[in-house]
1. Take the Cα of Asp121, step 7 Å along the line toward its Cβ, and report every residue of segment 142-169 whose backbone nitrogen sits under 17 Å from that point.
2. Rounding to the nearest 20 debye, state how big the charge dipole of segment 113-231 is about its Cα centre with +1 on each Lys and Arg Cβ and -1 on each Asp and Glu Cβ.
3. How large is the Kirkwood hydrodynamic radius of segment 110-181, counting all unique pairs of alpha carbons, in Å?
4. Mean residue ellipticity at 222 nm from the helices of the chain, using -39,500 (n - 2.57) per DSSP H segment of n ≥ 4 over the full residue count, to the nearest 500 deg cm²/dmol?
5. Could you tally the net charge around Leu180, taking each other residue with its Cβ under 15 Å from the Cβ of Leu180, Lys/Arg +1 and Asp/Glu -1?
6. Restricting to bridges with both residues inside the chain, how much of the DSSP beta-bridge set is antiparallel, in percent to the nearest 5?
7. Which order do peptides 122-131, 103-112 fall in by mean Cβ count within 10 Å, highest first?
8. Whole-Hz Karplus ³J(HN,Hα) for segment 153-168, in order, using 6.51 cos²θ - 1.76 cosθ + 1.60 and θ = phi - 60°, x for Gly and Pro?
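The values are calculated or read from the model by the stated rules, or taken from the named source; none is laboratory data. In this text the structure is predicted, and so the values were computed from the model without any measurement. For neighbour counting, all protein chains shown are included, and Cβ atoms are generated from backbone atoms with ideal geometry for every residue, glycine included. Each accessible area value is taken on the protein alone, full model and side chains, heavy atoms only, with ligands, DNA and RNA left out. Shrake-Rupley method; radii C 1.70, N 1.55, O 1.52, S 1.80 Å.
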Amino acid sequence: MNIPSHLLNEHYNDRYFDVVDAFEEAKHIHIAGSSIVDRVKVFADRGDIFRIGETGFGPGRVLIALMDSLHTLSSVNFAVQYSSAELYPLSVDRMESILKMFQDRADSHIQKLISAYSRLDISTPGWHSVNIHIGSGIIELRLFVGEALQMVLSLDAPCDAWFLDGHGPKKNPDIWRSELLKAIGDKTASGGAVTTYTVAGDVKRGLTAAGFALEKLPGFGGKKEVLRGII
């Protein structure tokens, strides 16, 4: 596979995402797949924090898609806690060069994320936190520099949604191993959802064992199906 150099994660010899409209793909799989905007509004109306967990932060593509989607709630006092793990965090310049692919649709959100990310000490393992404002709402980005299982086990509250967006099972099997999926199930609130692009058999079995009721949803681009689970 000929991977554009700016999209190549050299640690796994794999691209961070597909070049075919990856911005809308993230919205389709994760944001729409878990009805995030409607659910954040419900949580905001009752004064609760909506918690999202992610495996594989990468260049922040899914967070940008979330920011753009939540812009429709800019007059709402919502609070989202976004906890994500990244074993090999990108430099600010590398992140910006990748996200330029979406500049025509989400430039203001990209600039907000770059500004926030630049204030994190990604050279130090563990948790790092920064706030991103979307109108009257706020997203607390909690980036865990380290292994995904460590991040999940150290969460102090269960998540209402999980975005599983790491490199594929063949390239990075550790981020799909049953031990990690079980921990994700344990750290999911009742009624919480998990979404992912992969429908690999091992992943489905691991998520089922973790307590998720799975269903296949229509895919995006050249992919026929994606996965959603409810616990």
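1. 142-146
2. Values: 13 positive and 12 negative charges, 94 e Å.
Magnitude of the dipole: close to 460 debye.
3. 14.1 Å is the Kirkwood radius here.
4. Numbers: 8 runs with 72 residues, N = 231.
Helix contribution divided over all residues of the chain: -9000 deg cm²/dmol.
5. On the way: positive: Arg177, Lys182, Lys187, Lys204, Arg205; negative: Glu54, Glu86, Glu147, Asp165, Asp174, Glu179, Asp186, Asp202.
Result for the local shell: -3.
6. That works out to approximately 50 percent antiparallel.
7. Working: 122-131: 13.1, 103-112: 15.3.
The peptides rank, most packed first, as 103-112, 122-131.
8. 5, 8, 4, 8, 8, x, 9, 8, 8, 10, 10, 9, 9, x, 4, x
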